[in-house]
């Protein structure tokens, strides 16, 4: 008797490819532990993950690693479940969306029961149905209250005692903070010991002096002028003439007393000699150049800008929309404006044509295609970019999945809303196929071998 493989079954070769994707994964600094230490290729196994690594795997890595494996039905069901936990565990949650998430999860559970065997479902699998409701009723503090429960026969009393103890400890800490000097540990990527001559951020590692050509210097200097707030009034006065830096140099002489020192030295221009670094820290992010080989991946950047767009070459209707640019840092330089320094990232960009595509809710980018349009505009300021990282499909493919991650210690930042990770888009139920309930073909796989059972 021949037993066909079930829909959620992975062949041995697919298991090896799945584990290889996880073993080659590189996240940014502070994102998670090195998952490659917990993955075995022969035999293909995953084990020894810590608590936080399980969260990262469920919420972010599993949908990416499953791309190209399994039929569409079970793969979409798993992606929907991962997307639910990703949205539920965000630092900023809209209470009105929790009701929608509850109904979506019920549909997801029905899909899971459709494609997976009943042995997978126990009481813990039913628990996620109540999580969105608990978050809506109790808020994020519900997890803290639950941790106070030691005697499950009297949970309310345990919560009350634990809450009082926490309030007393918080009061003592506030008192000791104002009365006893305590040296607080600095954040790893905090802008500590900031050099007053560097406008933003701080460099990492030792600098190497480089000499910029006249063309490179003009491109970098023009970008600084067009993206510095103190120069904005002059950009509005004469935007076209500002393309030539001599105009600003004549408009604001170096010995003028009517303008600020910063504006006068910006008009004067930078030196040809600049400092080149392999790393830079700013806004809680740690960036490295692409050439720096590490176990973490800190060279990916993304930039969103308003631009005039059109759907095709023949389309004459231009609309204003947000355009996303994805890049990889190739060089980190500090332009020397005599009295201060301005950091710049020189990146390899990908934005248009056949280098970007959206597939199954994921944004994919291909950096192997030459983007000649960006050769004249490779620079960007560190404060303008957000950090992303890329997960490559396999060695034979040039496409990589774009992933986002909050900075290390982002929960302590005041602008934490900026670092909320966008959830993965999911297909509607109508897109999963209209198989008849009488036909069991959707429960098995026809693209891999089953098992022969001898009677």
(message) Residues that are within 21 Å of residue 359 (Cα to Cα), more than 19 Å from the chain's Cα centre (by Cα), in contact (Cβ under 8 Å) with a residue 12 or more places away in the chain and surrounded by 19 or more Cβ atoms within 10 Å (Cβ to Cβ): does the stretch 46-58 have at least one?
(response) no
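Out of the stretch 24-40, which residues are touching a residue at least 12 places away in the same chain (Cβ under 8 Å) and over 19 Å from the mean Cα position of the chain (by Cα)? Before you say what the answer is, go through the steps one by one.
Taking the stretch 24-40 as the starting set, the residues that turn out to be touching a residue at least 12 places away in the same chain (Cβ under 8 Å) are 24-36, 38-40.
Listed by number, the residues that qualify are 36, 38, 39, 40.
Just to be sure before I move on: is residue 68 touching a strand residue (DSSP E or B) at 6+ places or on another chain (Cβ under 8 Å), assigned to a loop (DSSP other than H, G, I, E, B), within 30 Å of residue 297 (Cβ to Cβ) and outside the structural domain of residue 295 (by TED's automatic domain parsing) in the structure I sent?
Numbers: touching a strand residue (DSSP E or B) at 6+ places or on another chain (Cβ under 8 Å): no; assigned to a loop (DSSP other than H, G, I, E, B): yes; within 30 Å of residue 297 (Cβ to Cβ): yes; outside the structural domain of residue 295 (by TED's automatic domain parsing): yes.
So residue 68 does not fit the description; no.
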(message) Go through (1) more than 30 Å from residue 5 (Cα to Cα); (2) assigned by TED's automatic domain parsing to the domain that holds residue 27 for residue 74 and report which single condition fails.
(response) (1)
(message) Out of 157, 132, 170, I need the residue that is over 37 Å from the mean Cα position of the chain (by Cα) and modelled with pLDDT of 85 or more. Which one?
(response) 157
(request) Being part of a loop (DSSP other than H, G, I, E, B) and over 25 Å from residue 217 (Cβ atoms) is the filter here, so list the residues in the stretch 248-298 that pass it. (result) 257, 258, 283, 284, 293, 294, 295, 296, 297, 298
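One line per residue, one yes/no per condition, for (1) at pLDDT 85 or above; (2) touching a helix residue (DSSP H, G or I) at 6+ places or on another chain (Cβ under 8 Å); (3) not in a helix (DSSP H, G or I):
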{"site": "53", "(1), (2), (3)": "yes, yes, no"}
{"site": "59", "(1), (2), (3)": "yes, yes, no"}
{"site": "62", "(1), (2), (3)": "yes, yes, no"}
{"site": "76", "(1), (2), (3)": "yes, yes, no"}
{"site": "79", "(1), (2), (3)": "yes, yes, no"}
{"site": "82", "(1), (2), (3)": "yes, yes, no"}
{"site": "87", "(1), (2), (3)": "yes, yes, no"}
{"site": "93", "(1), (2), (3)": "no, yes, yes"}
{"site": "113", "(1), (2), (3)": "yes, no, no"}
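With the structure loaded, tell me whether residue 317 is on the phi > 0 side of the Ramachandran plot and at pLDDT below 85 or whether it fails that test. First the steps, then the outcome.
Values: on the phi > 0 side of the Ramachandran plot: no; at pLDDT below 85: yes.
Against the criterion (on the phi > 0 side of the Ramachandran plot and at pLDDT below 85), residue 317 does not qualify.
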(message) Scan the stretch 244-256 and tell me whether some residue there is buried (at least 19 other Cβ atoms within 10 Å of the Cβ), touching a strand residue (DSSP E or B) at 6+ places or on another chain (Cβ under 6 Å) and at pLDDT below 85.
(response) no
(request) Just need a number here: residues in the stretch 184-242 that are closer than 15 Å to residue 336 by Cβ, modelled with pLDDT of 80 or more, in a loop (DSSP other than H, G, I, E, B) and more than 29 Å from the chain's Cα centre (by Cα). (result) 1
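Within the stretch 1-26, can you find the residues that are in a loop (DSSP other than H, G, I, E, B) and in contact with a helix residue (DSSP H, G or I) (Cβ under 8 Å, 6 or more places away or on another chain)?
Our first condition is that a residue be in a loop (DSSP other than H, G, I, E, B); within the stretch 1-26, this holds for 1, 4-5, 7-11, 24-26.
Result: 7, 8, 10, 24, 25.
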(request) State all residues of the stretch 393-405 that are in contact (Cβ under 8 Å) with a residue 40 or more places away in the chain and either outside any strand (DSSP E or B) or assigned by TED's automatic domain parsing to the domain that holds residue 357 (or both); if no residue qualifies, say none. (result) 393, 394, 405
(request) Return yes when residue 33 is within 18 Å of residue 391 (Cα to Cα), at pLDDT 85 or above and either assigned by TED's automatic domain parsing to the domain that holds residue 114 or surrounded by 15 or more Cβ atoms within 10 Å (Cβ to Cβ) (or both) and no when it is not. (result) no
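Table: residues versus (1) free of Cβ contacts under 8 Å to residues at least 12 places away in the same chain; (2) under 29 Å from residue 71 (Cα atoms); (3) exposed (fewer than 10 other Cβ atoms within 10 Å of the Cβ).
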| residue | (1), (2), (3) |
| --- | --- |
| 122 | yes, yes, yes |
| 129 | no, yes, no |
| 138 | yes, no, no |
| 145 | no, no, no |
| 148 | no, no, no |
| 157 | yes, no, no |
| 162 | no, no, no |
| 176 | yes, no, no |
| 179 | yes, no, yes |
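Select from the stretch 367-391 the residues that are modelled with pLDDT of 85 or more and over 25 Å from residue 334 (Cβ atoms) and list them in ascending order.
The first filter runs over the stretch 367-391 and keeps only residues modelled with pLDDT of 85 or more, leaving 378-391.
Matches in the stretch 367-391: 390, 391.
The values are calculated or read from the model by the stated rules, or taken from the named source; none is laboratory data. This one's a predicted model, so the numbers in the text were calculated from it and none came from an experiment. As a convention, Cβ positions derive from the backbone with ideal geometry for all residues, glycine included, and neighbour counts pool all protein chains shown.
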